[in-house]
Structures are given as structure tokens and as C-alpha cells.
Amino acid sequence: MAVSLFDTASPLLALRPQLDAAIAAVLDSGRFILGPQVSEFEREFAAFCGARHAIGVANGTEALTIALRAMGVGPGDDVVVPSFTFYASAEAIPPTGARPVFCDVDPQTGCVTADTVRAALTTATKAVVAVHLFGNVAPVAEIEALGVAVLEDAAQAAGSRGGAGRPGALGRAATFSFFPSKNLGCFGDGGAITTDDDAIAEHARTLRFHGSPDRITYEHVGYNSRLDELQAAILRVLLPHVDDWADARRAAAARYEQAGLGELVSLPVATAGSQPAWHLYVVRHERSDALAAGLAAAGVEARAYYRTPAHRQPAMAAFAPGAALPATERLAREHLAIPMSPALSAGQVAEVVAAARTVLA
């Protein structure tokens, strides 16, 4: 049995009539940019997250840059960011004029902590990007207690829950990606910013439309970064199902544990009080490359995502001279994402675990 890393198609099969109708309605309306579908999705997504505002933008990377600028980050500022994350978490910082300062992560959860952030704070720190890695929920309140503003990178965490609420309503602001493989994915690129802060929301709305609050006066050098009306209509169909899909992801993770996968590899560890909706199910083993090759030979797709962490990427060399991040370096060597989706069956889980057992015997 071949088992893919993602199964984005199966959860959508039953929704095809609704999706077709939503797409047709947008085509019939002739409204394609910042129309009623975007407005309604923003309202619905804000309510889903528990935030007062949601601002739809073109993608998750620009969501980070726009949110940081809306939070007042600019030239001369430092922004603390983990290195064990997708490159965009760091890439989004230099366009604000600020400097990324890389911090380590907890070796068990993969998330930043108050201690790892504290070690990276400088006198110029203006904000921290707390990544909810793989759907796990970073301890935002503990980081905010350090006296620094937190921007949640919640790109992988739609459907997750923390002890204090959902990602998207835990920090000063939050950003999401709706890339098709995400827990809530559209049919192209898309992103959003959520916040309870009226001023941040208004500034973000201005920045996403060329820095203009009224399409006449241009107060900032902004962006052409808007969530498409068509993608918003698709997301409105999918949003009501995110919690059910998150439950199914958690159930798949429980099946892995019950099938004995933890006897073979180190399993993901949820942060205290959280219920992750695992976007990726990432295990750890010192022979992770051999495990990936063996799984592939058995028809099981697996992938290492961050073998070269962000602080070691060529474009970040100037920002991270001699950075010592031991947990990041170890996780980069040992991590491996194995199949995870709301449609992952008990039989597929058994197939993955059997293949891993054979490889690691």
C-alpha cells in the first residue's frame, strides 16, 4: 500500500458541489478583488480564531512582513525568530528594515520558549516571532511576560488549541498561510493577519493596498497583497470543517502511538496544555535519512523539511555569525515528517509503522 505524505484530495471529495457553487458564484458576480467574499471570510475567520480582526493578504510570507510593520517594527529594530522553522519566518523580517536574531527551540516540542527567547533578546528587540511549529502551540503568554510583543506565526496551526485559546488570538497579532497543503488551504496562495488591536488592523489593511487607506492617498510604501475573492469563497466552504479535520489529525497521531511507533522513533511532544492539529507529524531518529530511504522503498512517503536551518541559509549568513543553537542543529539532523492527514486510515498507519520497524530492525 502506497501512503502519501499528504492527502489533500480525499477530505474535499464530499465538498465538491459546494466548492463548485462557490466558485461559480464568484464568476457570476464579476467581483474578484476585495469583494464580499473576502469581507465575509475575514469576519468568519476572525470569529474562528477568537480575534477581533482578520485581514486577508496574498500569502503567509507577506502576512508576516505586513504584520511586523503594522506592529511598528522598522529599521534599527531586532526581531527574535527561531531558526528551526520554514525559511519565510526569518525571510519576512529584513524587508521591514529590522534584523532577524535567531534563537533556539525546545528539543522536545520544537517550539520557542521563554528561556530560548530570553537568551536572544537585545537592547533593540522590538518583537518576537513565535512559530507554532508543525501545529504545536508555542507558549506565547510566557514569552510576552518577558516584556516583548509577540507575533504568532500560525501558518501550520489552523485548528490547534492552546490552554489560553486558539493560535491567532494569543499574541499581539498572528499570521496564517492558506497554501494548499495547510490544515486550512485554498487552491493557490493566500494568507491572513489576525489581531485584537484596532490600530494594527487598520495599518495592515493600509499596507496590503499599496499603503493607501482610501485608494487615493498613499501614506506608506506598501504592498499589492490581497487575498483573492475566489480563494476567499473557497476558504469559506472549508473553514467550518477545520475542527473536524483537526480532530482526525489528532486521532491519526494517537493511532501512531497505539501502533507502537514510539518504540522505534521519538514522537512529537505537545506543549503544555495544547491540542495540536498536526499539520506535519514529525518524528526524530538519529538515522532519519536511512529511515526516509527505507520508507520510500516500501511506498511510504516521508520528508525532512529543515535539514539546513534558517540561520545557516546563505542569505541569512550576515545576520547569524557564529550562532550556537544546539537543539536546532540536532532537530535539523534527526527530524522526519511521515504521513499525516485527516484521511489517514488505521490501515495506512499500520503500514507506516510496519515499514519503519523493518527499516530500523
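Contact map, the range 12-36: residues that are closer than 26 Å to ARG205 by Cβ paired with residues that are modelled with pLDDT of 95 or more and assigned to a helix (DSSP H, G or I), Cβ distance under 6 Å, separation 6+ or inter-chain. Pairs shown: ALA22/ALA233; ALA22/VAL237; VAL26/GLU229; VAL26/LEU230; VAL26/ALA233; ARG31/GLU229; PHE32/GLU229; GLY35/GLU229. Of the candidates ALA304, ALA332, the single residue that is hydrophobic (A, V, I, L, M, F, W, C) and in contact with a Lys or Arg (Cβ under 6 Å, 6 or more places away or on another chain) is ALA332.
Checked against (1) surrounded by 15 or more Cβ atoms within 10 Å (Cβ to Cβ); (2) without any contact (Cβ under 8 Å) to a residue 12 or more places away in the chain, HIS285 meets all criteria but (2).
Among the residues of the range 33-48, those identified as assigned to a helix (DSSP H, G or I) and touching a Leu at 6+ places or on another chain (Cβ under 9 Å) are GLN37, VAL38, PHE41, GLU42, GLU44, PHE45, PHE48.
To keep it simple, each residue is scored yes or no on (1) buried (at least 21 other Cβ atoms within 10 Å of the Cβ); (2) touching a Phe, Trp or Tyr at 6+ places or on another chain (Cβ under 9 Å); (3) at pLDDT 95 or above.
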residue: ASP77; (1), (2), (3): no, no, yes
residue: ALA98; (1), (2), (3): yes, no, yes
residue: ASP104; (1), (2), (3): yes, yes, yes
residue: PRO107; (1), (2), (3): no, no, yes
residue: GLY110; (1), (2), (3): yes, yes, yes
residue: ALA114; (1), (2), (3): no, no, yes
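Count of the range 212-268 residues, restricted to those that are closer than 20 Å to VAL282 by Cα and not β-branched (Val, Ile, Thr), is 23.
Every condition in (1) free of Cβ contacts under 8 Å to residues at least 40 places away in the same chain; (2) crowded, with 22+ Cβ neighbours inside 10 Å; (3) of a type outside the set (A, V, I, L, M, F, W, C) is met by THR175 except one, and the failing one is (1).
Selection of the range 1-32 for residues being in a loop (DSSP other than H, G, I, E, B) and aliphatic (A, V, I, L, M) yields MET1, ALA2, LEU5, ALA9. For beta carbons closer than 7 Å, sequence separation of 6+ or different chains, a first residue in the range 202-216 that is over 14 Å from GLU42 (Cβ atoms) and a second that is of a type in the set (Val, Ile, Thr) and assigned to a helix (DSSP H, G or I), the qualifying pairs are LEU207/ILE66; SER212/THR206; PRO213/THR206.
Taking SER341 as the residue in question, decide whether it is touching a strand residue (DSSP E or B) at 6+ places or on another chain (Cβ under 7 Å), over 12 Å from PHE102 (Cβ atoms) and hydroxyl-bearing (Ser, Thr, Tyr). So SER341 does not fit the description; no. Out of ARG205, ARG215, ARG226, ARG236, one residue alone is part of a loop (DSSP other than H, G, I, E, B), surrounded by 15 or more Cβ atoms within 10 Å (Cβ to Cβ), basic (Lys, Arg) and in the same structural domain as ARG161 (by TED's automatic domain parsing). It is ARG226.
When restricted to residues that are touching a helix residue (DSSP H, G or I) at 6+ places or on another chain (Cβ under 6 Å) and part of a loop (DSSP other than H, G, I, E, B), the range 86-113 contains 7. Take the conditions in contact with a Leu (Cβ under 8 Å, 6 or more places away or on another chain) and either among the acidic types (Asp, Glu) or crowded, with 22+ Cβ neighbours inside 10 Å (or both) and apply them to ALA310. Does it pass? In short, no. Counted as qualifying within the range 262-361 are the helices (runs of 4 or more DSSP H) with 1 or more residues that are in contact with a His (Cβ under 8 Å, 6 or more places away or on another chain) and over 25 Å from THR85 (Cβ atoms), namely 346-360. Can you find a residue that is touching a residue at least 24 places away in the same chain (Cβ under 8 Å), surrounded by fewer than 19 Cβ atoms within 10 Å (Cβ to Cβ) and under 18 Å from the mean Cα position of the chain (by Cα) anywhere in the range 121-139? Taking every residue of the range 121-139 in turn, none turns out to be touching a residue at least 24 places away in the same chain (Cβ under 8 Å), surrounded by fewer than 19 Cβ atoms within 10 Å (Cβ to Cβ) and under 18 Å from the mean Cα position of the chain (by Cα).
The values are calculated or read from the model by the stated rules, or taken from the named source; none is laboratory data. As the structure is a computational prediction, the values presented were derived from the model and not from experiment. Positions of Cβ are backbone-derived with ideal geometry, glycine not excepted, and every protein chain shown enters the neighbour counts.
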